1. Quick check: the angle from helix 299-318's long axis to the longest principal axis of the chain, C-alpha only, nearest 10 degrees?
2. Among GLU237, GLU134, GLU17, determine the one that fluctuates most according to a GNM of the chain built with springs between C-alpha atoms less than 10 Å apart.
3. By what distance, in whole Å, do the Cα atoms of segment 74-178 stretch along each of the three principal axes, largest value first?
4. How large is the helix-only mean residue ellipticity at 222 nm for the chain, computed as the sum of -39500 (n - 2.57) over DSSP H runs with n ≥ 4, divided by its residue count, in deg cm²/dmol to the nearest 500?
5. With a 1.4 Å probe and every protein chain left in place, tell me how much accessible area ARG256 has, in Å² to the nearest 10.
6. More than 39 angstrom separation, counting every C-alpha pair in the chain; what % is that?
7. When a/c is below 1.5 the answer is rounded, else prolate if a/b is larger than b/c, else oblate, so apply that to segment 1-117 with a ≥ b ≥ c taken from the square roots of the Cα gyration tensor eigenvalues.
8. Provide the packing ranking of 177-190, 85-98, i.e. peptides ordered by the mean count of other C-beta atoms within 10 Å per residue, highest first.
Amino acid sequence: MKPVILLTGKNGQVGAELLRLLPQVGEVVALGHDQLDLSNPTDIRRTIREARPQLIVNAAAYTAVDQAETDETAARAVNAEAPGIMAEEAKKIGAALIHYSTDYVFDGTKKAPYDESDPVNPINTYGKTKLTGEDAIRNSGLPHLVFRTSWVYATRGRNFLLTILRLATEREELRIVSDQVGAPTCASEVAGATAKILTRMRSKKDSGFLFSEVSGTYHMSAAGQTTWYDFAKTILEKAEATSRGLEWLAAATQGRRLMARRVIPVSTEEFGSPTPRPAYSILSNSRLNQTFGIALPEWHDQLQGCFVSDLIAAKRAAD
């Protein structure tokens, strides 16, 4: 008998990829914002009590970093309070919880990759609310996996990849921050790693998962590092080299040609963002690899996959 998995945020970047993969692991009850309002505690409790899952995978989040500074109530409800309520309800029914967090729980002052034992010190509202959500899960005492990832993007939703492609059809010159260092991570890789881990954790005795020896916090991000500036340049290089066949690329550019001819590196101060962000937020994935044997590919290989996978799928369909 397959375990019941309650998936939240099914229409988000990671959630949509999980919705594609998790049916291989269990019977999935997938909910988006229309079916589950994470700012409503009563709604959360009712949904979990009715579904009675063996596992909750919370892929929903308030991810608008700048907007969170002026809409802290909403960010706190979704990122901080909702995970705590999920943890409470999951514990009551003997379920486990998987939750996704962020590199922004760190302040960016370190000069080497952050590991899970490093002190946290978020410098913006988004990071603070995500950390509060993490703490609520850890303090609940239920079996859990908290996966911190970084600079997440996908071929859908709102993210840096799609923003750069859109802006490149509107402007000849792009000014991109060059003094923030991170690891761009594709949502499909996060979902794929999660599905592999769950497959390995399936109990052979019942319909549950073996969390007892692995419960905790793990970093799950792309290998390597780059800056927003170099990430933007690489995106445009790959887009220019891809002539046709990508539905998501056509949608991102609305069928228009790329007109950006110059990508100018600027400092965080020159860019004038209203929200502080870590200058360095590389995550060490050693614990993930040692525990589960999982290592995500280099960031540029992940990006290349976005520009290749749809072409392969289109070719297969044509054949």
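The values are calculated or read from the model by the stated rules, or taken from the named source; none is laboratory data. Source: prediction; values computed, not measured. FYI the Cβ positions are ideal-geometry reconstructions off the backbone, even for glycines, and counts take in every protein chain you see. The area values use the complete protein model at the heavy-atom level, side chains included, leaving out ligands, DNA and RNA. Shrake-Rupley method; radii C 1.70, N 1.55, O 1.52, S 1.80 Å.
1. 90
2. GLU237
3. If we take the Cα atoms of segment 74-178, the spans are 56, 32, 21 Å.
4. Mean residue ellipticity, 222 nm, calculated: -12000 deg cm²/dmol.
5. Ignoring ligands and nucleic acids, ARG256 comes out at about 100 Å².
6. It works out to 12 percent of all Cα pairs.
7. In terms of gyration-tensor shape, prolate.
8. 177-190, 85-98
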